[in-house]
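Values quoted throughout were computed directly from the atomic coordinates according to the rules given, and no laboratory measurement underlies them. Keep in mind it's a predicted model, so treat the numbers as computed, not measured. In this analysis, Cβ positions are derived from the backbone assuming ideal geometry, glycine residues included, and neighbour counts consider all displayed protein chains.
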Amino acid sequence: MTTTTPTRTAVRRRYLLCPPTYFAVEYSINPWMDPSRPVDAVAALRQWGALCATLRELGHRVETLAPRPRLPDMVFTANGAAVVGGRALIARFRHPQRAPESGFHQAWFSRAGYRPTRAGLPSEGQGDFLPVGARILAGSGPRTSAAAHREAEQVLGRPVVSLALTDPRFYHLDTALAVLSEDQIMYYPPAFSAQSNHVLHLLFPRAILATDADAVALGLNAVSDGLHVILPEAARALTARLHAEGFKPLPLDLPELLKAGGGPKCCALELHPAGGGERQ
Ligand code: ARG
């Protein structure tokens, strides 16, 4: 039997990033955050700069959101809004420490020509809402409520598939699942309820499954343009699987930001366009 590796195509994308100028771990709102562990802000900026440079080298457009003092998690722009098909649903953060970020996202999206809607229910943007093909995969758990999925469906205008997150280490969908292309994903089954595993298996029978080691390295917090996949270097099994599936993995470590529970994906909010994007 011969197996052929699928041909993968990069699509030029637009991302919103925010420099970690005021980055720190001053509170703990997820199990990764330990405020007693020192953080090197200069190193964080340098590592973030490498992410920006990589996205630009791949031909993507990088927009920036101005950082604000006293908002140390603002670097994680993907949590500030769910953006699908040119529509934006601004986050309502679960924790008061992050709540003021929403206003800055709202202002940015208004200035950029969107008509952003502010979420009425707790929901944390692309952290928990990932478009794939004609659908949106949505996580419910410590941050986004299941009721917020219905709100997102109305605002974003696409069917939402609800997935329940069950392990506090994987508190956003983008810590446990990554969209690789219009029809392929990778995920960590133990992070989801039995029912959600069933749904994922039905929708994506050929998905790439992450090992424990991949998942605890936050290997699923990956940015894919359909061909190149930026992910933490320690996610070795995932990297090998991506190669075998015709993707081009690009290892990139953000060790300072990992101390806050974040990786490449949560630093890059994809401004998912109304059309299909530009093939390269
Ligand atoms: N400290 C941030 C928080 O807990 C990290 C967010 C990272 N985002 C992500 N999608 N993993 O909100």
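Give, rounded to the nearest 20 debye, the magnitude of the charge dipole that the chain has about its Cα centre when Lys and Arg contribute +1 at Cβ and Asp and Glu contribute -1 at Cβ. Write out the running numbers ahead of the final one.
Numbers: 29 positive and 24 negative charges, 135 e Å.
Roughly 640 debye, rounded to the nearest 20.
Given the stretch 82-154, report the % of alpha carbon pairs whose separation exceeds 18 Å.
Numbers: 880 of 2628 pairs.
Tail of P(r) above 18 Å: 33 percent of Cα pairs.
Under the rule a/c < 1.5 gives rounded, and otherwise a/b versus b/c splits prolate from oblate, where does the stretch 194-239 land using the Cα gyration tensor? It would help to have the intermediate numbers written out before the result.
Details: a/c = 2.54, a/b = 1.48, b/c = 1.72.
Oblate, because a/c is 1.5 or more while a/b does not exceed b/c.
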Quiz item: Which cross-chain or sequence-distant (5 or more) residues have an amide H under 5 Å from the amide H of Leu250, H modelled 1.01 Å from N in plane?
Solution: Val229, Ile230, Leu231
Exercise. Would you please state the base-10 log of I(q)/I(0) at q = 0.10, 0.11, 0.12, 0.15 1/Å for the stretch 1-147, with intensities from the Debye formula using one equal scatterer on every alpha carbon?
Key: -0.40, -0.48, -0.57, -0.86
Exercise. Count the DSSP beta bridges whose two residues both fall in the chain, then state the antiparallel fraction as a percent rounded to the nearest 5.
Key: 55 percent
Self-check item: Cα Rg, Dmax, the stretch 89-198, angstrom units
Solution: 13.8, 42
Self-check item: Gap separating the Cα centres of the stretch 86-121 and the stretch 142-171, nearest whole Å
Solution: 16 Å
Exercise. Alpha carbons only, please: Rg and Dmax for the stretch 229-280, in angstrom.
Key: 13.4, 36
Exercise. With 5 Å bins from zero, work out the P(r) of the stretch 156-280 over every alpha carbon pair and list the percent per bin.
Key: 2, 11, 21, 24, 21, 14, 6, 1
Quiz item: Considering the Cα trace of the stretch 1-75, what is its radius of gyration and what is Dmax, both in angstroms?
Solution: 17.4, 59
Quiz item: Tell me, what ³J(HN,Hα) does each residue in the stretch 267-274 have, in order and in whole Hz, if you take phi through Karplus 6.51 cos²θ - 1.76 cosθ + 1.60 with θ = phi - 60° and put x for Gly and Pro?
Solution: 8, 10, 7, 6, 8, 4, x, 5
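Need one number: convex hull volume per residue for the stretch 30-116, Cα atoms only, in Å³. Could the numbers behind the result be given before it?
Numbers: hull volume 11.2 nm³, N = 87.
For the stretch 30-116, the hull spanned by Cα atoms encloses 128 Å³ per residue.
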Quiz item: Looking at the stretch 149-280, what % of its DSSP beta bridges pair antiparallel, to the nearest 5?
Solution: 55 percent
Quiz item: What does the convex hull of the Cα atoms of the chain come to per residue, in Å³, rounded to a whole number?
Solution: 117 Å³
Quiz item: Ala66 versus Thr9, label points 7 Å from Cα toward the beta carbon: distance in nm?
Solution: 4.0 nm
Exercise. Find which of Gly86, Ser36, Ala138 sits farthest along the positive direction of the dipole of the chain, computed with +1 on the beta-carbon of Lys and Arg, -1 on that of Asp and Glu, about the Cα centre.
Key: Gly86
